[in-house]
Amino acid sequence: MSITPLMPVYPRCGFRPVRGDHCHLIGEDGRRYLDFAAGIAVNILGHSHEGLIGAIQQQAATLMHVSNLYGSPQGEHLAKRLVDLTFADTVFFTNSGAEAVECAIKTARAYHQHVGNDHKFELITFKNAFHGRTMATISASNQEKMHKGFMPLLPGFKYVDFDDLEGAKAAMGPNTAGFLVEPIQGEGGIRPASESFMHGLRSLADEHDLMLVLDEVQTGVARTGTMYAHEQYDIVPDILATAKGIGGGFPLGACLATEKAARGMVFGAHGSTYGGNPLAMAAGEAVLDVVANEEFLTHVRTMSDKLRARLEQFIGNYPELFELVRGRGLMLGVKMKMESRAFVGHLRENQQLLTVSAGDNTLRLVPPLVIDESHIDEFMEKLSAGASSFSPGEDA
Ligand SMILES: *Cc1c(COP(=O)(O)O)cnc(C)c1O
């Protein structure tokens, strides 16, 4: 047998973390790595946050899981908190980002089908988007590398260029149910949508009774310096998917919706065995306790401004490697002059610095939101040493 026990779908690198210490990870060999990847924008409180650990420990010892057939004081409480913090009137809890997007897609379809508009099932989505790895969420993306081997796709998605409002308008037809979009494309290369695009989609949705569905799985939960990125665009969605940071490392996601948008999500329409169980709710509460306040959001924006200014200044030293810096809050991307994967590997192997590659030649920086200036100093030192010793063409 040559297949590995762990299904070989990830090209795993040699670094094997065994312990976390705030904004660092420690490998099997005891070496410390500065973590500006944070489990891909997940560990927003770092790796050893006492509040989060304590909440999980306490809840695990009290009650871990019960069925959604029973009442849930924990679920009601966290849902109410999210409703109070956002545009939403109602929340469905999931265990992952893809499930949150899946629920968002179903909610958008059900909005129309609930009143007999069965033909309105199509969502207009955007090229190079990433919405997850289930059949519906890969079908929502035009990226062929995620489709290969899994045909046929689920019908009902139409792909348009990202940030192209005219294209989105032209793609609309009698079957259109709404739009599904990331306000800042994450995997696609940390590419923020323009104000006019987001406002335009909101207006089109209003004019034609369509659902504006935001995938804020990566941009949400203080990552961009506001609780959700759409707040910075001064628009509200009808439906929103959130995950990654919301559990701080515990698997948790949610689909948020207005009362109007959720009209089709009635008894029996949807469900999840684990979704919203007391253990996950405890993690979500502990994360919100830390991040859902102006002081924390200001901290994220301050760290973002400092990191961004340092990066902007730094990339000028290496015009052959770096092109520009983009993103918002602590979701920043450095667009490179070549594929970023080899440089990510170089930083990891030679500087013990963890970053993530993204599409469009982008070096993705999504550190824990609890970094302070000492981490930015350490990051810049490592980045600088890494850039000076990097030869493009080097193996990842
Ligand atoms: C990570 C991500 C997802 C998928 O989340 P999973 O938890 O891996 O299922 C969906 N949408 C966006 C924008 C993401 O960044």
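The values are calculated or read from the model by the stated rules, or taken from the named source; none is laboratory data. Everything numeric in this text was worked out from a predicted model, so none of it was measured. Counting neighbours? That spans all protein chains shown, and the Cβs are built from the backbone with ideal geometry, glycine included. The area values use the complete protein model at the heavy-atom level, side chains included, leaving out ligands, DNA and RNA. Shrake-Rupley method; radii C 1.70, N 1.55, O 1.52, S 1.80 Å.
Of all residues in the range 111-129, count the ones that are within 16 Å of the ligand (Cβ to nearest atom), open to solvent by less than 50 Å² (accessible area, probe 1.4 Å) and in contact (Cβ under 8 Å) with a residue 60 or more places away in the chain. Step through it out loud before you land on a result.
Looking only at the range 111-129, we keep the residues that are within 16 Å of the ligand (Cβ to nearest atom), and these are 123, 125-129.
Narrowing the set further to residues that are open to solvent by less than 50 Å² (accessible area, probe 1.4 Å) leaves 123, 125-126, 129.
Now drop any that are not in contact (Cβ under 8 Å) with a residue 60 or more places away in the chain, which leaves 123, 129.
Qualifying residue count, the range 111-129: 2.
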*Of the numbered conditions (1) open to solvent by 10 Å² or more (accessible area, probe 1.4 Å); (2) over 17 Å from Leu123 (Cβ atoms); (3) away from the ligand (no atom under 14 Å from the Cβ), Gly225 fails exactly one; give the number of that condition.*
(1)
_Residues located in the range 81-95, provided they are of a type in the set (S, T, N, Q) and either buried (at least 22 other Cβ atoms within 10 Å of the Cβ) or within 24 Å of Ala193 (Cα to Cα) (or both)_ = Thr86, Thr94
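Given the condition touching an Asp or Glu at 6+ places or on another chain (Cβ under 8 Å) and at pLDDT 95 or above, answer yes or no: does some residue in the range 112-121 qualify? It would help to see each step written out before you state the result.
Kept after step one, since they are touching an Asp or Glu at 6+ places or on another chain (Cβ under 8 Å), are these residues of the range 112-121: 112.
Right, trim to at pLDDT 95 or above and you get 112.
So far as the range 112-121 goes, yes, one or more of its residues are touching an Asp or Glu at 6+ places or on another chain (Cβ under 8 Å) and at pLDDT 95 or above.
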*Report, ordered by the first and then the second residue, all pairs with beta carbons closer than 6 Å, sequence separation of six or more or different chains, a first member in the range 193-210 that is more than 18 Å from Asn117 (Cα to Cα), and a second member that is open to solvent by 10 Å² or more (accessible area, probe 1.4 Å).*
Ala193/Asp163; Ser194/Asp163; Phe197/Asp163; Phe197/Leu165; Met198/Ile235; Gly200/Leu165; Arg202/Ile235
*Does the range 3-24 contain at least one residue that is surrounded by 15 or more Cβ atoms within 10 Å (Cβ to Cβ), on the phi > 0 side of the Ramachandran plot and outside the structural domain of Tyr228 (by TED's automatic domain parsing)?*
yes
*Among Glu381, Glu394, Glu339, Glu373, which is modelled with pLDDT under 95, farther than 18 Å from Pro192 by Cβ and surrounded by fewer than 16 Cβ atoms within 10 Å (Cβ to Cβ)?*
Glu394
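Each row is one residue, and each column tells you yes or no for (1) at pLDDT below 95; (2) over 23 Å from Lys244 (Cα atoms).
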position	(1), (2)
Cys13	yes, no
Arg16	no, no
Arg19	no, no
Leu25	no, no
Arg31	no, yes
Ala38	no, no
Ala41	no, no
*asked:* Just to verify a result, which residue in the range 199-219, among those that are away from the ligand (no atom under 16 Å from the Cβ) and not aliphatic (A, V, I, L, M), is most open to solvent (accessible area, probe 1.4 Å)?
replied: Glu207
*Could you check how many residues of the range 160-187 are touching a Phe, Trp or Tyr at 6+ places or on another chain (Cβ under 7 Å), within 16 Å of the ligand (Cβ to nearest atom) and within 26 Å of Glu207 (Cβ to Cβ)?*
5
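Based on what the data block shows, is Leu78 modelled with pLDDT of 95 or more and either open to solvent by 60 Å² or more (accessible area, probe 1.4 Å) or outside the structural domain of Asp377 (by TED's automatic domain parsing) (or both)?
Yes: the conditions hold for Leu78.
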*Out of Leu365, Leu369, Leu347, Leu354, sole residue that is without any contact (Cβ under 8 Å) to a residue 40 or more places away in the chain and either touching a helix residue (DSSP H, G or I) at 6+ places or on another chain (Cβ under 6 Å) or on the phi < 0 side of the Ramachandran plot (or both)*: Leu347
*Go over the candidates Leu332, Leu311, Leu324, Leu347 one by one and state the one that is of a type in the set (A, V, I, L, M), buried (at least 21 other Cβ atoms within 10 Å of the Cβ) and not in a helix (DSSP H, G or I).*
Leu332
*asked:* Against the definition (without any contact (Cβ under 8 Å) to a residue 24 or more places away in the chain and open to solvent by 10 Å² or more (accessible area, probe 1.4 Å)), how does Glu285 come out, yes or no?
replied: no
